[in-house]
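The values are calculated or read from the model by the stated rules, or taken from the named source; none is laboratory data. Remember, it's a predicted structure, so these values are computed and weren't measured experimentally. In this analysis, Cβ positions are derived from the backbone assuming ideal geometry, glycine residues included, and neighbour counts consider all displayed protein chains. We work out accessible area using only protein heavy atoms, side chains counted, and drop any ligands, DNA or RNA first. Shrake-Rupley method; radii C 1.70, N 1.55, O 1.52, S 1.80 Å.
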Amino acid sequence: MNRAPAAAKLNLALVVGPARDDGLHEVATVLQRIDLADRVSIEPAAELRVQGFEGDTLVRGALESLAAAAGVEPSWEARIWKRIPVAAGLGGGSSDAATALRLANESLDEPLQPEALYELAARLGADVPFFLASGPQLGEGVGADLTPLDLPQDYWVVLVLPRDSHKASTAAVYAAFDERGGEHDYPERRADLAQALERVRRPRDLAGLPLNDLASSPLAGELRALGAFRADVSGAGPAVYGLFHHREQAAAAMRQLQSHGRTWLSVPTWYG
């Protein structure tokens, strides 16, 4: 059995542009793993089975696609241990799929080369290729065109998933963005993100990144009031994160916000 963590991600910035001809939107997003993680295992089996998470579709689809690309039968049993909240903007499903892809590919007699595996991941979802890379990345195009970033990693992360929160579908979130004309001045806003990234040297410089174009939350203001040097919604939400210099301050903020919903204390991570 091969088993590995499947880390959550934060969108430390999410700049969204117009819809493309394929219906997807141009984005420029800063992607960072954190150590809140699912775990995924892969082992040989007589037929494809996915255990542990009844809501899975991505891992099964990833393994079926890998088998088709490699010209083999999808003869694996995958097991998922979920810790990342589902449909929260933290990329748990994409991370599970990428981890299953990597582990299953390693089990093949003739594994796909990295470029082919990346192309396969990109067809599964815009976030999936990020989880095959290491370190923070700038995602462009639909989010799958990746450029490594040299960002500070020495800070603490408080995550809050508001109680009774219900994420709208991704399509609905983007439709609302289009209705309010959110794509206006995308080239300028994308250039602002690039300039802000050039100025990042220390953790507090991350505060200069533009805020999420798709979603906002009053909890971000509460996190800043409790000492976060940056706070925002991740992805299309509803999870909200705050970045803190010191563990003690982050832990105190987490305790203050537990009445709002589920909370986690986490740190950035390079792999997994």
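Here are some notes:
- Per-region count, the stretch 208-219, residues over 18 Å from His166 (Cα atoms) and more than 19 Å from the chain's Cα centre (by Cα): 1
- Complete set of residues in the stretch 77-94 that are surrounded by fewer than 23 Cβ atoms within 10 Å (Cβ to Cβ) and over 25 Å from Val160 (Cβ atoms): Glu77, Arg79
- Any pair with Cβ under 7 angstrom, 6 or more apart, that starts in the stretch 255-272 at a residue that is under 18 Å from Ala228 (Cα atoms) and ends at one that is open to solvent by 40 Å² or more (accessible area, probe 1.4 Å) and in a helix (DSSP H, G or I): Leu257/Glu222
- If you go through the stretch 53-71 and keep only what is over 21 Å from Gly91 (Cβ atoms) and surrounded by 15 or more Cβ atoms within 10 Å (Cβ to Cβ), you end up with Ala67, Ala69, Ala70.
- Contact map, the stretch 155-175: first residue small (Gly, Ala, Ser), second residue modelled with pLDDT of 90 or more, Cβ cut-off under 6 Å, separation 6 or more or different chains; pairs are Ser165/Pro238.
- Verdict on Asp145 being open to solvent by less than 40 Å² (accessible area, probe 1.4 Å), within 21 Å of the chain's Cα centre (by Cα) and acidic (Asp, Glu): no
- Checking Arg3, Arg20, Arg49 one by one, the residue that is under 15 Å from Asp96 (Cα atoms) and out of contact with any Asp or Glu (no Cβ under 6 Å at 6 or more places or on another chain) is Arg3 and no other.
- Test result for Ala97, of a type outside the set (S, T, N, Q), open to solvent by less than 10 Å² (accessible area, probe 1.4 Å) and out of contact with any strand residue (DSSP E or B) (no Cβ under 7 Å at 6 or more places or on another chain): yes
- Test: residue in the stretch 102-113 that is within 24 Å of Leu149 (Cα to Cα) and surrounded by 15 or more Cβ atoms within 10 Å (Cβ to Cβ): yes
Residue-wise test of (1) open to solvent by 40 Å² or more (accessible area, probe 1.4 Å); (2) under 20 Å from Ala88 (Cα atoms); (3) among the hydroxyl-bearing types (Ser, Thr, Tyr); (4) modelled with pLDDT under 95.
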| residue | (1), (2), (3), (4) |
| --- | --- |
| Tyr174 | yes, yes, yes, yes |
| Glu179 | yes, no, no, yes |
| Glu198 | yes, no, no, no |
| His246 | yes, no, no, no |
| Trp270 | yes, no, no, yes |
